[in-house]
Amino acid sequence: MEDFLNSWGLSLAIFIPLAGAIVMLVIPRAREDLHKVIALATSLLVVLMGILLLANFDYDDGSTLQFFVDKSWIPFINSRYLVGIDGISLPLIALTMLIVPLCIIYSWNHFPEPRNPKAFLILILILETGMIGTFCAQDLILFFVFFEVVLLPMYFMIGVWGGEKRRYAAMKFFLYTLFGSALMIVSFMALYFLSAEVPLPDGGMGHTFSMIQLPEAAQVISSGAALWIFGGMFMGFGIKVPMFPFHTWLPDAHTQAPTVGSVILAAVLLKLGTYGFVRIALPILPDAAESWAPFIGLLAVIGIIYGALCCLAQTDMKRLIAFSSVAHMGFVMLGIATLTDFGINAAIFGMVAHGLITGMLFFVAGSAKERFHTLDIARLGGMLKQMPRMGWILGFSAMASLGLPGLAGFWGEFPAILSAYQPGGDLNEALFRVYMVVAALGTVLAAAYLLWLYQRVAFGTPKEEFAHDPHVHDVSFTEYVAWVPLLVLIVVLGFFPNILFKVSDGAVTNAVAAMGLGG
Amino acid sequence: MLAQLLAQWQSPSFDFHAFAPEIIVVATLVVVLVLDAFTGEESRWASSSLAGIGLLVAAIPIATLAYDGADRVLFGGGYVVDTYALVLKALFLASAYVVVLLSTNYIAEGDYWEGEYYLMVLASVLGMMVMASARDLISIFVALELLSIPAYMLAAWRKRDLKSDEAGLKYYLMGVFASAVMLYGMSVIYGVTGTTLLSGIADTIGPAISSEPIVTLGIVFVLIGFAFKVSAVPFHTWSPDTYEGAPTPVTAFLAVASKAAGFVALLSLIFVGFWGRSDVWEPLIWVLAALTMFVGNLIALRQTNVVRMLAYSGIAQAGYILSPLAVAGTDPEVASQALHSIVIYLLIYAAMNLGAFAVVMAVARKTRSAESSTFGGLFGYAPGLTVAMTVFLFSLAGIPPAAGWFAKLGIFQALASAGTPSGYILAVIVAVNSVIAFAYYGRLLRIMWMDDAPDGDTTPIRVPASITAALGLTVAVTIVFGVAPGLVTHFTDPIQLLALGG
C-alpha cells in the first residue's frame, strides 16, 4: 500500500479528476444525472485518495517532501515531473479535496443558468486537477503549467454561468492574472539561467527548475538581479492573492461568478498566490524577500484597512464578502511578510480558515440570491424570522469571519498580528509594530462591517416584497450536506488549532531556518 | 567538339536518397498535371487525393533520412540535408497535407480550377522544401521564387471576386518588391565576398572587413526582404488584405507554411551566412520584433473579422518568433537556444494556426462569413468546434496545457539565456504582448461561449470528413505537444546550424 501511494498517490490525486472529465466528455449532454453521478464519484475518489495520503503522511517528518515522485518530463530544459507534499502543502490540498465535492453536491439541484451540467461539472473537475497539481508541483515549470490550467475553467465559469456583467468580469479576471503570470514566467527563466548549475538526475551539471535544488543554487544570484526576479514573482503571486492595489479584479469576479465559482475562487484560488510566496518566492530568494518585506507588509496592511473600508461602503452582500477577502488575505500576507516561522504558520492557518469561512459565506450568499433574486442589502432583512436556520448559519459564519476566538478565523488573524511584533531577519521592528497596530485596528473594522451586514440582513422583519414569497424556504437537504462539513471544521479548528499548526510547523520552521535570516 | 565535351562530361555524383522527398513531390506534381490535362471533369476530384497521398509518401524518405542520421552535403555545400532541414521539410509536408485536407471541399464546391490548384500548392511546397536545405544565396533565391509565385496565384484563386484579386495583386506587388530589395542586397554581398555560398560568406564578412558599410547595407537589404515574407512590421501591410481576400485554405497555407519558409531562410542566413555580423542584425531584429509584436497585437484588438484577426495575430506571432534572433549573437550557446526555440515555435505554430483556420472554415460553411459576430452562440450548437477553437486560441495565447505555452516558454528561455538587459527587456515585451493578445483571443472565446447565436439560428454545422480529419490532427498535436513537450524536443534536439557546424 505504502509503495503504491509513494509512487502513484499524488499523481492519481492530480489526474483522477481529469480522467473523470474526459469520461464525461464522451457522454451525451442530455444524460444529466449520469454526469452528476460521475462528477461526484470522481471527486469522492479523490477524497479517498486524500484520506489515504493523510493517513500515511508522516506527521513527525512534515518538513520533508513525502510521496515524492521524480520523472523525466522535458529534458530539453531540465524540467522534470517533480511532485511531493510536505506540511505546507498538505492542509491546502486537503482543503481543495474537501471543497470540490461539496461544490458538486451544492450544485446538484441548482445549476446556474444556462444550466448545462455537463460542461459545468467538467470545468470543476479540470479546476480540481489544476489546483491539486499546483500544490503538489515541485518544479517551477510544472507549477506554472498547473497554475495556468486553473485559469481556463474559472474564466468560462464566470463568463458563461455568471451574473449580468459576467463578460467584463471574466475578461478582467483573466487579463489581470495572465499579466502576473507572464511576468512570473520571465522571472522563472531568469532564475533558471542566473542560478548556479547543479548536478542533474541524469548525470552531468546543468541549470534546474527544481524547487528543491533552487534555494541553494540561487545563492549565487547578485542581489540586484534577485530584487528584479522577486519583483516578477511578486506580480505573479500578488495579483492572484490579490494584494492591494491589484485587487480590483476580485470584487467583479466574485460578484459575477456563480456561487460555486465564488466558493472555489475564495477557498482555493486565492491561496495559489500566497502559497506561491511561501513555497517559491521566499525560500529561493530570501534576501530579496527581506528587502521586499517592508513593502509587502505595507501593501498588506493597506489591504486590510482599505478592504474593510470598502466593505462598509458596499450595498451588495456578495461584493461585501469579496472585499472582506481582500482584508483577510491582507492578514495572511502580513504574516508572510514578517518572515518568521510564527507568521508563516499563521498565514497557512489563515489560508485554510479563510477558505472554510469565506467559502461558507459565499455559499450562504448564493443561496440567498437564489431565493431573493437580489443581494441588495437594503432590500433584505428578517432572515432569522423567515429562514431561521440559514440566518443562524450566516451569523455563525460572520462571527467566524470577524475572528471570534473559538472559531477558525481567530487563529489565522491573531497570530499574524502578533508575529508582526517581532519580525524576522533584519526587518525594521518599529515599522512592523506600526503595521501590527494598524492591522489590529482592521479587526475592529471587520467586526463593524460583518455585524452591520448581519444586522441588516438577518434582524428585523422580512421586507414586504419577500414576506409571502413561496420561493423563500429554509436550508434544503443538499445545502445541509454541502455546508455541515465546513461548519464542523470551523469549530474543530477553532478549538483545536494545533491539528493544523502541528502539520505545518515542521515544514515552516525548516523553511525559515533554511532562509538563514537569523530570525 | 560536342562529342569531345560529352566524352569529358561526368555525371556529378548524385545522392538520390537525399533528394527523394523533392523527387516524389515533383512526380506527384507531374501526375496531377497530366491527370488534369488529359481527363475530363469527372475525374478532377482525384487530384486532391493524389496531392495528399503524394505529400504523405514524400514523408517516407524523410523518415528514412532521419533514421540514417548522417548529414548530407551536396553541390559543394550549397544544399545540405541535415536534421534541421529534415524537421522543417516534415513540417512543410505536414502543413501542406492539412491544407489539402482543408481545400478538398472548398475547392470542389466553389467552382474553382481543381487540378491547377493542387499543382500550385505542390509547386509551392517544393520551393519550401528546397528552402530548408538551401545554403547558398542563389538556391535560397530560387527556392523563394518557387514558393512565392504559385502563392501569388493561389491568393487570387477566387476569380471574379474583387477582394481576392486585390489579395493576389497586393501580395504579388509587395512580394516582387521585396524580392528586388533582397536580390540587390545579395548582389552587394556577392560583390564584396565573391561567393554565393553561405559558409563562404561567413568566412569573409567576419571582423576582417567589418567596417565596410557596404556589407551592412547588403545584410540589411537581404533581411528586409525576408521581413516582408514573414510580415514583420513595418513590412506587414500586405498580409491582412491578402489573408482576408484569399480563399481561406490558401490563407492558412500562407500564414503557416509560407511564413515558416521565410523564417527558415532567415535562420540559414543569420546562423550560417551573417553569423559574424551580429552587430548589424541584432539591433535591426530587436526593433523589428518589438514593433511587430506591439503593432500586430494592438491592431488585432480592433478587428471584427476572424480571418483578419488571425492575420494580425500571425503578425504578432512573427514578432515572438523573431525575438530570440535579437540576442542570438551573444554566444554559440545562446544561438543554439534561439535556433531551437524558433524551430519549436514554428512546429507548434503550424499546428495551432492551421487548426484555427480549419474551425473558421467549418463555421463559414454555415454562416458564409468570417465576421466574429457570426461565431455567437457556437458553443450551443457546435460544442465540438467550440472546444477545438478554444484549444487553438489558448495555444496561440500561450496558456498551458495547449502546446503554445511551451513554444512561448522556449522564447522566454532563449531571451533570458543571453543574460543581457536587452534580452530581458524583450522578454518583458513578449510577456506584456501575451497579455494584450489574450484580449482578442479571449473576446472570440467570449463570443463563442457566452453570446447568443445571431438571429437565433442554431442549426447544427455539418463538418465534412476532410475538415474533421484536419481538426483531429491539429487538436491532437496541439494537446500532445503541450502535455508532453519532450516529444517536440526529441525531434529538434539534434538540430545544429551554426556557422561553426554548417
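Just so it is clear, none of the values below were taken in a lab; they were calculated from the coordinates. Not measured: the values here are computed from a predicted model. A quick note on method: Cβ atoms are made from the backbone with ideal geometry, for glycine too, and the neighbour counts reach across all protein chains shown.
Numbers below:
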item: Simple spin-label estimate for B:Ala37 and B:Ser187 in nanometres, 7 Å along Cα-Cβ; result: 3.4
item: Mean-position separation - Cα centroids, region B:322-355 and region A:153-212, in angstrom; result: 20
item: Chain A: angle of helix A:429-458 to the longest principal axis, Cα-based, in degrees nearest 10; result: 20
item: Shielding of A:376-385 by partner chains, average beta-carbon count, 10 Å; result: 0
item: Anisotropy class of region A:93-166 from Cα gyration tensor, a/c 1.5 cut; result: oblate
item: Residue-by-residue Karplus 3J(HN,Hα) for region A:193-201, coefficients 6.51, -1.76, 1.60, Hz, glycine and proline x; result: 7, 7, 6, 6, 6, 10, x, 9, x
item: Chain B: DSSP helices with Cα axial extent of at least 30 Å and average Kyte-Doolittle hydropathy no lower than 0.0; result: B:16-38, B:46-68, B:83-109, B:162-193, B:278-301, B:332-367, B:421-450
item: Segments A:362-370, A:435-443 sorted - mean Cβ within 10 Å per residue, highest first; result: A:362-370, A:435-443
item: In order through region A:7-13: 3J(HN,Hα) via Karplus (6.51 cos²θ - 1.76 cosθ + 1.60), integer Hz, x for Gly, Pro; result: 9, 10, x, 5, 4, 5, 4
item: In Hz, Karplus ³J(HN,Hα) per residue of region A:81-96 (6.51, -1.76, 1.60; θ = phi - 60°; x = Gly, Pro); result: 7, 10, 10, x, 10, 10, x, 7, 7, 4, x, 6, 5, 4, 4, 4
item: Interchain or long-range residues, amide H under 5 Å from B:Asp136's placed H; result: B:Leu198
item: Zero-based 20 Å bins, Cα pair distances in the protein assembly as shown, whole percents; result: 13, 41, 32, 12, 1, 0
item: Cα centroid of region A:317-358 to Cα centroid of region A:399-443, whole Å; result: 10
item: Number of partner chain Cβ atoms within 10 Å, mean per residue of A:117-126; result: 1
item: Angle in degrees between helix A:498-515 and the longest Cα principal axis of chain A, rounded to the nearest 10; result: 30
item: Computed over region A:2-515, Cα set: Rg, Dmax in Å; result: 22.0, 76
item: Kirkwood Rh in Å, taken over all unlike Cα pairs in region B:416-468; result: 14.9
item: Relative contact order computed over chain A (Cα-Cα under 8 Å; 6+ residues apart), in percent; result: 16
item: Distance (nanometres) between label positions extended 7 Å along Cα→Cβ at B:Glu212 and A:Glu465; result: 8.4
item: Nitroxide proxy distance, nm - points 7 Å out along Cα→Cβ at A:Val47 and A:Lys71; result: 2.8
item: Global form of region B:379-502, assessed from the alpha-carbon gyration tensor, a/c cut-off 1.5; result: oblate
item: Residues B:Ile479 and A:Asn6, FRET efficiency given R0 of 41 Å [Cβ-Cβ distance, rounded to 0.05]; result: 0.90
item: Cross-link table A:Lys172/B:Lys408; B:Lys163/B:Lys259; A:Lys36/B:Lys366, entries beyond 26 Å C-alpha to C-alpha; result: A:Lys36/B:Lys366
item: Cα Rg, Dmax (largest Cα-Cα span) when computed across region B:17-492, Å; result: 21.3, 70
item: Whole-Å distance, taken between Cα centres, linking region B:161-232 and region B:1-43; result: 30
item: Per residue, the convex hull volume that the Cα atoms of region B:201-324 enclose (Å³); result: 85
